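Notes follow once the structure below has been shown.
The values are calculated or read from the model by the stated rules, or taken from the named source; none is laboratory data. No experiment lies behind these values; they were computed from the predicted model shown. Virtual Cβ from ideal backbone geometry, glycine too; neighbours counted across all protein chains shown. Side chains included, ligands, DNA and RNA excluded: accessible areas come from the protein's heavy atoms. Shrake-Rupley method; radii C 1.70, N 1.55, O 1.52, S 1.80 Å.
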Amino acid sequence: MLISRQERALICSDTELGAGNVLARLSAYGRPLDEVVLRTDGGWRAPDGSRPEELTLGRLCEAVETYAGWYAAQGVRPRDPVAVHSFSSAEYAVNFLALTSLGAIPSFVNGNLGPEIAREYIRRQGAVGVFTDEAHREVVAGAGLGFQVTARDIRPADRASLPPGYPYRHDPTDPVLISHSSGTTGMPKGVPHTHRTLMYAQLHRLRYSTGTDMERTLVGLPGAHNAMVATLLYCLLLRTDIRLLSSQRGADVLDAVEEFRPTVVLAFAGTFGEMAAEDLTKRDLSSVQVWFNTGDAAHEAHIRALVQHGGHLEVRRDLGRVQVDGSVFVDGLGSSEAGYSVFHNRHTKDTSAYSRCVGRPISFAEAAVLAEDGTPLPPGQVGRLGLKSPTLTPGYWNDSLTWNRMRLGGYWLTGDLAQRDEDGNFYHLDRVPDAIRTRAGIVFSTRTEEVLLAELPALTDCTVVGIAPDGVRADWDGDGVAEAYALLQLADDSGESEEAWTARVNSVLTRAGFPPMARALPMKPEDVPKGATGKVLKRVMRDRFAAVAAEELHA
């Protein structure tokens, strides 16, 4: 049961509402305490020792106040960063709500980060303490923090320690969350968001969208990402039935789809890619109306595989509604820094607008393709993607130098290469460090992967990387040249040679007018390294194959 028109108007006119006080405002709106507001995968341990799979508003408020009381007893005060390092999405959600109710700042640390990187990242945040799970207890043990706590340590009696004046009253500029970038190029960057920036897009959606397709929402996003928090806040306000998953593996999300029967599924492109590689004819995906992708734009081949299933409502010319076979895939391009997917491109099984098209920026944002001096480029020219948006982070936590280096011509640089057409549609070509300068021209790795996946049905996924001689930089910002390798994941191992695959790949690329690959190598999925958020670590792949190439040269 979604909110009424009257409650929607009340929420949209609430001048006190922001990302840091949604739970408190729900009580002010008169929401019933016995209404189920959050479903989990059963991995979170509540203060009473149970592992609930559903939480009513009253029980969620009780848990949040209990956590807040424990933190207050440890001396946590407004604007104190507290690290949260776990595998459980529910633990991130409860800690976000509890710490922000004190005015403190939860600093989320993805559970998949390597131990040394996680410890150094937490140190750089200036965290006063850490919430963790049993799996990460030893990781944070030597971090020198004021306290270390797990869910088992927080008891119902801690609720009595809430401070006077609870809950904290936020200013719109108060930071309410520090999440982090994917870390594909090294140490993740701390990305804060404020009471205003994390809520801006959610209120925009409430004003201009009914949200009916989110009636049952399955969240397969990483729990440590601000996209999960933003989705949680939106669903709490919209009164949707929301379930948080702690796993982003494609098979696990598909299992949850069959069990929960959601109308919308949210995940990153890597998860959707893994889902598309499964035999979907053996899955019941009939409940799904919309797949919503954020972060990196998704590949055409993966989108086409998913939209064949489910169904959605379409509005006819006479304004009548008709049920149509096939779901909708909303392909969003966003980032931790942007705070929301500022580009949305809607696909159905009849869609033809691919070729890495990410559409136009959302109405409240501005985007441009920039030359190296910050001048906006005309249609058809490739440059750096710049963004302006009220959802944008105010800067990197404790790292203003890096933040200012990523600004150009008044825009924040997303780190992507793009171009736009005469109609104002933007096309995502590659990440800046992943473009490859070869003797035959610049290889845009992501665009090349898109073509190969679309034209070679035997591929379930592929990764294109550049292999340069030691000391040579051959990316967009470099001036050297490299060889481009296509690393292929196959649906079935046909036993074909590397030479045969290289010829087949280059035949496709020649027809598309793209530079050729030096080598095309079949690989097993488990041999492709991925980062904390599921993105392929092209940096690691480059280093790995550069070492192999060096060994072959000296053999």
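The figures follow:
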| item | result |
| --- | --- |
| Cα→Cβ-extended label distance, 7 Å offset, between residue 28 and residue 375, nm | 5.0 nm |
| With all protein chains modelled, accessible area of residue 349 [1.4 Å, Å²] | 80 Å² |
| Anisotropy class of region 173-228 from Cα gyration tensor, a/c 1.5 cut | oblate |
| Share antiparallel - DSSP beta bridges, region 37-119, percent rounded to 5 | 25 percent |
| Ranking by accessible area, most exposed first, for 87, 272 with a 1.4 Å probe | 87, 272 |
| Rounded tilt (10° steps) of 498-512 against the dominant C-alpha axis of the chain | 80 degrees |
| Inter-probe distance in nm under a simple model that places probes 7 Å from Cα toward Cβ, at residue 543 and residue 492 | 3.8 nm |
| Antiparallel bridges, percent of DSSP beta bridges restricted to the chain (to nearest 5) | 60 percent |
| Three-way shape call for region 256-299 based on the alpha-carbon gyration tensor, with the a/c threshold at 1.5 | oblate |
| Percentage relative contact order, the chain, counting C-alpha pairs under 8 Å, at least six apart | 11 percent |
| Close Lys-Lys pairs in the chain, where close means Cα under 30 Å and separation is 8 or more or interchain | 17 |
| Shape of region 96-174, Cα gyration tensor, a/c cut at 1.5 | oblate |
| By accessible area with a 1.4 Å probe, ligands and nucleic acids excluded, highest first: order of 496, 91, 215 | 215, 496, 91 |
| From the C-alpha gyration tensor of the chain, square roots of 5λ in Å | 39, 27, 23 |
| Per residue, the convex hull volume that the Cα atoms of region 325-405 enclose (Å³) | 115 Å³ |
| Solvent exposure of region 20-79 as accessible area per residue, Å², 1.4 Å probe | 41 Å² |
| Surface share of carbon and sulfur [accessible, 1.4 angstrom probe, percent] for the chain | 48 percent |
| Efficiency of FRET from Cβ geometry, residue 499 and residue 160, R₀ 51 Å, rounded to 0.05 | 0.10 |
| In degrees, nearest ten, helix 226-238 long axis to first principal axis of the chain (Cα) | 50 degrees |
| Average accessible surface area per residue within region 163-265, 1.4 Å rolling probe, Å² | 32 Å² |
| Degrees between helix 250-260 axis and first principal axis of the chain (Cα, 0 to 90, nearest 10) | 40 degrees |
| Dipole in debye (nearest 20) - region 142-281, about Cα centre, beta carbon charges: Lys, Arg +1; Asp, Glu -1 | 640 debye |
